[in-house]
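All remarks here apply to the structure that follows.
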Amino acid sequence: MKVWRAALGIALGGLLAVGCGVRPTGVIDAGEPATGLSRGMRLYYVSDTGLRAVPRPDLEVTNIASVVKHLTLGPSPAELRGGLTSVVDLGGYGVSAAGREVTVELDGAYRATGRDQGTGQLVCSLARGQAVLEPKVGADDVEVVIRPARGPQLGPFKCADFLTR
């Protein structure tokens with residue numbers, strides 16, 4: 001008796017599915033799937049858990065030096081209240097970029113260690129900026145070198161060197 005009820009239930013379910021008007025379709029191509037990091041400018045700030053990318057969709061990046069200028073302005077008041085801060089301390093500087101390579105030339109010594117969050121902020125923000133300026137360059141592929149007027153060259157660094165996993 002139970003087998004008969006199960007068979008009847010399956011048959012009625014099949015009839016209902018066929019009778020609902022939904023026709024089977026093939027695969028519908030909707031283009032390429034999303035991959036990689038999102039595009040658009042992000043600046044990196046320090047939080048109590050490490051570096052955090054902050055979207056700046058309306059930020060106009062006209063050249064690679066403008067990224068450092070925006071970074072040195074620091075987080076917005078709301079971001080400060082949310083626990084973000086900036087620890088970048090450069091003094092006088094110049095920035096140049098070509099393809100996957102970004103170079104920061106400092107007028108004096110570099111006060112950080114090269115493996116600190118301030119360097120991470122700088123490297124990750126510059127990598128993102130270069131990817132925005134040159135869309136064929138991925139932010140993950142950008143290498144940043146820091147050349148102080150006094151002291152050894154630091155890098156090349158990639159943003160991934162500073163992100164905790």
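Couple of notes before you dig in:
- Cross-chain or 6+ apart pairs with Cβ under 8 Å, region 68-86 first and closer than 15 Å to Gly120 by Cβ, then exposed (fewer than 13 other Cβ atoms within 10 Å of the Cβ) and of a type in the set (D, E, K, R): none
Matching residues to (1) β-branched (Val, Ile, Thr); (2) in a loop (DSSP other than H, G, I, E, B); (3) open to solvent by 20 Å² or more (accessible area, probe 1.4 Å); (4) more than 15 Å from Arg42 (Cβ to Cβ):
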site	(1), (2), (3), (4)
Asp58	no, yes, yes, no
Leu80	no, no, yes, yes
Val95	yes, no, yes, yes
Arg111	no, yes, yes, yes
Ala131	no, no, no, no
Ala160	no, no, yes, no
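- Selection within region 133-147 - surrounded by fewer than 20 Cβ atoms within 10 Å (Cβ to Cβ) and not acidic (Asp, Glu): Leu133, Pro135, Lys136, Val137, Gly138, Val145, Arg147
- All positions within region 63-78 that are part of a helix (DSSP H, G or I) and either within 21 Å of Val132 (Cβ to Cβ) or open to solvent by less than 70 Å² (accessible area, probe 1.4 Å) (or both): Ile64, Ala65, Ser66, Val67, Val68, Lys69, His70, Leu71, Thr72, Ala78
- Pair list, Cβ < 7 Å and 6+ apart or interchain, from region 47-64 residues that are touching a residue at least 12 places away in the same chain (Cβ under 8 Å) to residues that are open to solvent by 20 Å² or more (accessible area, probe 1.4 Å) and assigned to a helix (DSSP H, G or I): Leu51/Gln117; Val54/Glu79; Leu59/His70; Val61/Val132; Val61/Leu133; Ile64/Leu133
- Search result, residues across region 64-113 that are within 16 Å of Ala53 (Cβ to Cβ) and polar (S, T, N, Q): Ser76, Thr85, Ser86
- Tally of residues being surrounded by fewer than 16 Cβ atoms within 10 Å (Cβ to Cβ) and part of a strand (DSSP E or B) across region 148-158: 1
- Pair list, Cβ under 6 Å, 6 or more apart: region 111-134 residue closer than 9 Å to Val67 by Cβ, other residue open to solvent by 50 Å² or more (accessible area, probe 1.4 Å): Arg128/Arg42
- Entry remark, region 47-61: residues being within 18 Å of Val104 (Cβ to Cβ), out of contact with any Cys (no Cβ under 8 Å at 6 or more places or on another chain) and at pLDDT 90 or above number 0 in total.
The values are calculated or read from the model by the stated rules, or taken from the named source; none is laboratory data. Small disclaimer: the values here were computed from a predicted structure and weren't measured. Neighbour counts run over all protein chains shown; Cβ positions are idealised from the backbone, glycine included. What goes into the accessible areas is simple: the full protein's heavy atoms, side chains included, and nothing from ligands, DNA or RNA. Shrake-Rupley method; radii C 1.70, N 1.55, O 1.52, S 1.80 Å.
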